[in-house]
Amino acid sequence: MPDTPQTPQPPTPSADNPRRRFFRRAAITAVLATVATGIGVTALAHGHGGGGWHRGGFMGTHLDPAKLDEHLDRMLKHLYVEVDATDVQKQQLAPIVKAAARDLLPMRDRMREARQQAVALLSQPTIDRAALEALRANQLQVAEQASRRFTQALADVADVLTPEQRTQLAERAARWHGRRG
């Protein structure tokens, strides 16, 4: 048999290539963080219609608890104008909204910590699937708690408003969501 010249094969990327491993881990981390954030934000933002959490959103930049009441007062003023709230309604609505916001604020911190834990878990040489599953299950519990508390606050606010005021808010929410898709 005649000797055939062998053509050099291009180098195949190795799975052990440190650069490739880094980018693979970064992609996995980004996907998991996005999913975890999406679950939490969906639960907390469901039905908010913006709710006055502008400038970074509820999950955005740091929200100083000391300034929370000031922020909520501005949001409530908009609500009062929208529904032409009476003085009695204003006195009833403020404590409902402020208590709900104070209850939901620690859940925001728990979700941020969970994102950090997900990054740490996915940065390990071996992936601990059980720890990831436990983190996912925990995040679903946090989302459920937040959703339950938010729904309670919505019902409490609805009890204070008249049927006409609730209809006004529903129409406004439909217009707002219509703009945003």
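The values are calculated or read from the model by the stated rules, or taken from the named source; none is laboratory data. On a predicted model such as this, the values are computed, not experimentally measured, just so you know. Neighbour counts run over all protein chains shown; Cβ positions are idealised from the backbone, glycine included. For accessibility, only protein heavy atoms count, side chains too; no ligands or nucleic acids. Shrake-Rupley method; radii C 1.70, N 1.55, O 1.52, S 1.80 Å.
Largest to smallest in accessible area, the residues 126, 151 fall in the order 126, 151 (1.4 Å probe, all protein chains included). Extension gain, residue 71 to residue 145: 0.36 nm times the residue separation minus the Cα-Cα distance gives 24.3 nm.
Inter-label distance, residue 82 to residue 119: 3.4 nm, where each label sits 7 Å from its Cα along the C-beta direction. Listed by chain and number, the aspartates and glutamates placed with their C-alpha closer than 14 angstrom to that of residue 90 are 73, 82, 156, 159; residues fewer than eight positions away on the same chain are left out. If you sort 83, 97 by accessible surface, 1.4 Å probe, largest first, the order is 97, 83. Phi angles across region 127-141 convert, under the Karplus curve 6.51 cos²θ - 1.76 cosθ + 1.60 with θ = phi - 60°, into 3J(HN,Hα) values of 8, 8, 5, 5, 5, 5, 5, 4, 5, 4, 4, 4, 5, 5, 5 Hz, Gly and Pro given as x. Rounded to the nearest Hz, the phi-derived 3J(HN,Hα) couplings of region 142-158 under the Karplus curve 6.51 cos²θ - 1.76 cosθ + 1.60 (θ = phi - 60°) are 4, 4, 5, 4, 5, 4, 5, 5, 5, 5, 4, 5, 4, 5, 5, 5, 4, where x marks glycine and proline.
Separation of region 70-106 from region 130-155 is 24 Å, based on Cα centroids.
The aspartates and glutamates within cross-link reach of residue 77, meaning a Cα-to-Cα straight distance under 15 Å and a gap of 8 or more places when in the same chain, are 69, 87. Go ahead and run the numbers for FRET between residue 173 and residue 99, Cβ-Cβ distance against an R0 of 25 Å, rounding to 0.05. Efficiency, from the Cβ-Cβ distance: 0.70.
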